[in-house]
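Here is the structure we will look at, set down as structure tokens.
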Ligand code: HEM
């Protein structure tokens, strides 16, 4: 089949081709990338792969390229150890505790543009909101926030770039910054001084058998929080607003009845998942839907296509605020299920709630443009206006 994630029409709108993939090519091989990779698109196959972590391993990374096992980007038991460390900062209670700050920050961001009559949703609200919240949680000093935002952008761009080396020096600058932050917390702890009470301190000063954890491991976990959580949440906010505003009557329904916001966020996650798919690595030859995938292959689990599988979601290509709730795969499933899902949902729900309350007459002023890389889906710009 001629489908490829790099076709211009698929780059423009990845949903072009889901129907064909699902119906005619449930195991697709893409040779237009190094390394070549397979794509699973049917809900049942994606779910099977997510559960069979022995065959569909994360040991060599969840991205399109083979990477060494590090931090949480690997299989149990190492994965379990690092995940449980971070999990402590992401309990439902702790996330709920962020609610007032997220609402306050959203209002501050709206305050900055409200008199203008127009803004770019991505740049002015959807991008700064999650970056500032995660930076505060980690304990990044306010003075460094702009640099931190910039690095967040770079990390995402590098992930899917055909030549990631162009970002190498920026990435090194970020790692060295985080390393210094980590070391100063460890020095404080060793001198008996109290380091700041933040997530970075918790990770940096955690001791296993009386020793700090290896620096590279902690840096990888910190990096994953940044890469995994920022652009994705930004995209959730822009994608959800884009679909709501595309049909003004939809937005007006939400404005009139904000209890619909939760459904709007969930339907956006199903319809336009910010992570279109992630990768696994086969540890043996495995047959899926009659096709053999050889051992050692990269396999993309296409969460977005699975979310449009008509066997699970009737009339899948309709964005439907009244759709009965069923488990979509926007946050994955199983042992790697997104750790930040409650945080992303909280931020998106509050962003939509405050926008509906304060700018009920919002309109799209264009469709903006798609973000890169090919396995993420969001809008780099989303111009809005109101009166
Ligand atoms: C709408 C926003 C988000 C989306 C769509 C999203 C999506 C995902 C997906 C699909 C996975 C599963 C990875 C896999 O299958 O291999 C994942 C894992 C993860 N996400 Fe998210 N994510 C979002 C927000 C966040 C946030 C806000 C954070 C934290 C600040 C975060 C941190 C993580 C981490 C640490 C993992 C790895 C979990 C593991 O391997 O055990 N994510 N995310």
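The values are calculated or read from the model by the stated rules, or taken from the named source; none is laboratory data. Small disclaimer: the values here were computed from a predicted structure and weren't measured. All Cβ positions, even for glycine, are placed from backbone atoms using ideal geometry, and neighbour counts span all protein chains on display.
If you scan region 287-309, which residues turn out to be touching a helix residue (DSSP H, G or I) at 6+ places or on another chain (Cβ under 9 Å) and away from the ligand (no atom under 13 Å from the Cβ)? First the steps, then the outcome.
Let us first name the residues in region 287-309 that are touching a helix residue (DSSP H, G or I) at 6+ places or on another chain (Cβ under 9 Å), namely 288-289, 299, 301-309.
Selection gives 288, 289, 305, 308, 309.
Identify, by number, the condition in (1) within 30 Å of residue 359 (Cα to Cα); (2) surrounded by 16 or more Cβ atoms within 10 Å (Cβ to Cβ) that residue 256 doesn't meet.
(2)
Between residues in region 221-243 that are within 17 Å of residue 106 (Cβ to Cβ) and at pLDDT below 90 and residues that are assigned to a helix (DSSP H, G or I) and near the ligand (Cβ under 9 Å from one of its atoms), which pairs lie under 6 Å by C-beta distance while being six or more apart or on different chains?
229/134; 230/130
For residues in region 104-122 being in contact with a strand residue (DSSP E or B) (Cβ under 7 Å, 6 or more places away or on another chain) and surrounded by fewer than 15 Cβ atoms within 10 Å (Cβ to Cβ), which is nearest to residue 380 (Cα to Cα)?
118
Given the criteria modelled with pLDDT of 95 or more, within 15 Å of the ligand (Cβ to nearest atom) and out of contact with any strand residue (DSSP E or B) (no Cβ under 7 Å at 6 or more places or on another chain), does residue 72 qualify?
Values: modelled with pLDDT of 95 or more: no; within 15 Å of the ligand (Cβ to nearest atom): yes; out of contact with any strand residue (DSSP E or B) (no Cβ under 7 Å at 6 or more places or on another chain): yes.
For residue 72, the condition - modelled with pLDDT of 95 or more, within 15 Å of the ligand (Cβ to nearest atom) and out of contact with any strand residue (DSSP E or B) (no Cβ under 7 Å at 6 or more places or on another chain) - is not met.
Which fully enclosed helices (runs of 4 or more DSSP H) of region 6-62 have 2 or more residues being under 18 Å from residue 298 (Cα atoms) and over 21 Å from the mean Cα position of the chain (by Cα)?
On the way: elements: 8-12, 18-24, 43-51.
Qualifying helices (runs of 4 or more DSSP H): 43-51.
So if I check each of 235, 220, 249, which one is assigned to a helix (DSSP H, G or I), more than 10 Å from the ligand (Cβ to nearest atom) and in contact with a strand residue (DSSP E or B) (Cβ under 9 Å, 6 or more places away or on another chain)?
220
Anything in region 82-110 that is free of Cβ contacts under 8 Å to residues at least 60 places away in the same chain and within 11 Å of the ligand (Cβ to nearest atom)? List them, or say none. Break it down into steps so the answer makes sense when it comes.
Here is the first cut: in region 82-110, the ones free of Cβ contacts under 8 Å to residues at least 60 places away in the same chain are 84, 91, 93-94, 97, 100-101, 104-105, 108-109.
Selection gives 84 alone.
Hey, among the residues in region 276-292 that are in a strand (DSSP E or B) and touching a residue at least 40 places away in the same chain (Cβ under 8 Å), which one's surrounded by the most Cβ atoms within 10 Å (Cβ to Cβ)? Quick ask: steps written out before the conclusion?
Initial filter on region 276-292 (in a strand (DSSP E or B)): 278-282, 286-288, 291-292.
When the remaining residues are screened for being touching a residue at least 40 places away in the same chain (Cβ under 8 Å), the result is 278-282, 286, 288, 291.
Details: 278: 19, 279: 23, 280: 26, 281: 21, 282: 19, 286: 19, 288: 20, 291: 14.
Filtering first and then ranking leaves 280.
Quickly run through region 185-214 and pick out the residues that are assigned to a helix (DSSP H, G or I) and under 26 Å from residue 94 (Cα atoms).
First, the residues of region 185-214 that are assigned to a helix (DSSP H, G or I): 185-190, 199-204.
If the condition is that a residue be assigned to a helix (DSSP H, G or I) and under 26 Å from residue 94 (Cα atoms), then 185, 186, 188, 189, 199, 200, 201, 202, 203, 204 are the ones that fit.
Quick one: how many residues across region 331-375 are closer than 30 Å to residue 164 by Cβ, outside any loop (DSSP other than H, G, I, E, B) and within 9 Å of the ligand (Cβ to nearest atom)?
Adding up the residues that qualify gives 8.
Counting just the residues of region 127-157 that are part of a loop (DSSP other than H, G, I, E, B) and in contact (Cβ under 8 Å) with a residue 40 or more places away in the chain, which one comes out surrounded by the most Cβ atoms within 10 Å (Cβ to Cβ)? Explain how you work it out, then say what you get.
Looking only at region 127-157, we keep the residues that are part of a loop (DSSP other than H, G, I, E, B), and these are 127, 139-141.
Add one more test, that the residue is in contact (Cβ under 8 Å) with a residue 40 or more places away in the chain, and what stays is 127, 139-140.
Values: 127: 25, 139: 17, 140: 22.
For region 127-157, the residue satisfying everything is 127.
Only one of (1) more than 16 Å from the ligand (Cβ to nearest atom); (2) modelled with pLDDT under 85; (3) assigned to a helix (DSSP H, G or I) fails for residue 173. Which number is that?
(2)
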